[in-house]
Every structure is written in structure tokens, then in C-alpha cells.
Amino acid sequence: MSVRRRALLREDKAPENALSDQLATLQEDIANRMLLPIVRQRGELATEAAAAAAPLDAARGTCAGVDAEVDAALDSYKAALSRLLVEADELRMATTWALTTEILTPRQTVEMLAAGKHLYLSVRDWPVPP
């Protein structure tokens, strides 16, 4: 393994670990901080409604207003996940750029890009599960 390749692996390790940690934190936050209180509130409201014979939203089995909170929590999660995906893409592009310009020969670069394109097209041809 070349010296530059080892250096590239070392350079990428810290950002990869940071992205993994951010994703793990995001997953924990969505369960613990955003949705858990809402789910608890939904359970309490359903219990109170059942005890008071109050009408629930028949289509959803919930009380009004709770689903808006769930939607807001999920929107927040989607936004944070989108930011993480952008950061991961930037790291992949930087790594690919360094690999193709500093480590691989021009022929190896063309072979790698052709293999990547072949993989991309093969994955697109996979059947979509029903």
C-alpha cells in the first residue's frame, strides 16, 4: 500500500467516525427526545378519551393536534438526515477526487469510473419489491 493511500485512509477516518456518531445521535434523538413524549401523550389522550367516552379521530384513532407534532418531529429528523447525507456525499467526493488525482494512474481511474457506472446501472435494473 502506498504512503499516500495510507495517509488518505487516515485522513478519512476521523470525518467518517464523526458522521457515524452524528447519525447515531440523530437516531437516538428521534426516538428519545422527539417521538417518545408524543407517543406517551397520545397514549394518555386515548386513555382519557376512552374513560370519558370522548370521540377520537375515527380514521386515525388519535386525538386532534397530536399528529401535527409527530409530523413536525419527523420533518426535523428528515432535515437533519438530509444535512448528514450532504456531508457524507462531500466526503465521498473529496475521497474519490484524491484517489483519482493523487493515487491511481489515468488507466486505473478510467477502470474505476467504468466499474462504478456499471454498478450504478446494475442496481437500477434490480426489480422493485412489491
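The values are calculated or read from the model by the stated rules, or taken from the named source; none is laboratory data. Computed from a prediction, not measured in an experiment: that's the story for all the values here. Glycine gets a Cβ as well: all are built from the backbone with ideal geometry, and neighbour counts include every protein chain shown. With ligands, DNA and RNA removed, areas are computed over all heavy atoms of the protein, side chains included. Shrake-Rupley method; radii C 1.70, N 1.55, O 1.52, S 1.80 Å.
So in the stretch 1-31, with the set limited to residues that are touching a residue at least 40 places away in the same chain (Cβ under 8 Å), over 24 Å from residue 69 (Cβ atoms) and among the hydrophobic types (A, V, I, L, M, F, W, C), which one is surrounded by the fewest Cβ atoms within 10 Å (Cβ to Cβ)?
19
Restricting to the stretch 90-107, give me the number of residues that are hydroxyl-bearing (Ser, Thr, Tyr) and within 11 Å of residue 4 (Cβ to Cβ).
Of the stretch 90-107, the ones hydroxyl-bearing (Ser, Thr, Tyr) are 95-96, 100-101, 105.
If we keep only those that are within 11 Å of residue 4 (Cβ to Cβ) too, we end up with 101.
Here the count works out to 1.
Would you call residue 88 open to solvent by less than 60 Å² (accessible area, probe 1.4 Å) and either free of Cβ contacts under 8 Å to residues at least 60 places away in the same chain or under 15 Å from the mean Cα position of the chain (by Cα) (or both)?
Details: open to solvent by less than 60 Å² (accessible area, probe 1.4 Å): yes; either free of Cβ contacts under 8 Å to residues at least 60 places away in the same chain or under 15 Å from the mean Cα position of the chain (by Cα) (or both): yes.
It is true that residue 88 is open to solvent by less than 60 Å² (accessible area, probe 1.4 Å) and either free of Cβ contacts under 8 Å to residues at least 60 places away in the same chain or under 15 Å from the mean Cα position of the chain (by Cα) (or both).
Residue under question is residue 114, and the condition is that it be at pLDDT below 90 and of a type in the set (A, V, I, L, M); does it hold?
On the way: at pLDDT below 90: no; of a type in the set (A, V, I, L, M): yes.
Against the criterion (at pLDDT below 90 and of a type in the set (A, V, I, L, M)), residue 114 does not qualify.
Within the stretch 91-130, work out how many residues are of a type outside the set (A, V, I, L, M), free of Cβ contacts under 8 Å to residues at least 24 places away in the same chain, loosely packed, with under 14 Cβ neighbours inside 10 Å and assigned to a helix (DSSP H, G or I). Quick ask: steps written out before the conclusion?
Taking the stretch 91-130 as the starting set, the residues that turn out to be of a type outside the set (A, V, I, L, M) are 92, 95-97, 100-102, 105-109, 111, 116-118, 120, 122, 124-127, 129-130.
Next, from what is left, pick out any that are free of Cβ contacts under 8 Å to residues at least 24 places away in the same chain: 92, 96-97, 100-101, 105-109, 111, 116-118, 120, 122, 124-127, 129-130.
Now restrict to residues that are loosely packed, with under 14 Cβ neighbours inside 10 Å: 92, 97, 101, 105-108, 111, 116-118, 120, 122, 124-127, 129-130.
Filter once more, so that each one left must be assigned to a helix (DSSP H, G or I): 92, 97, 101, 106-108, 111, 116-118, 120, 122, 124.
Total satisfying the criteria: 13.
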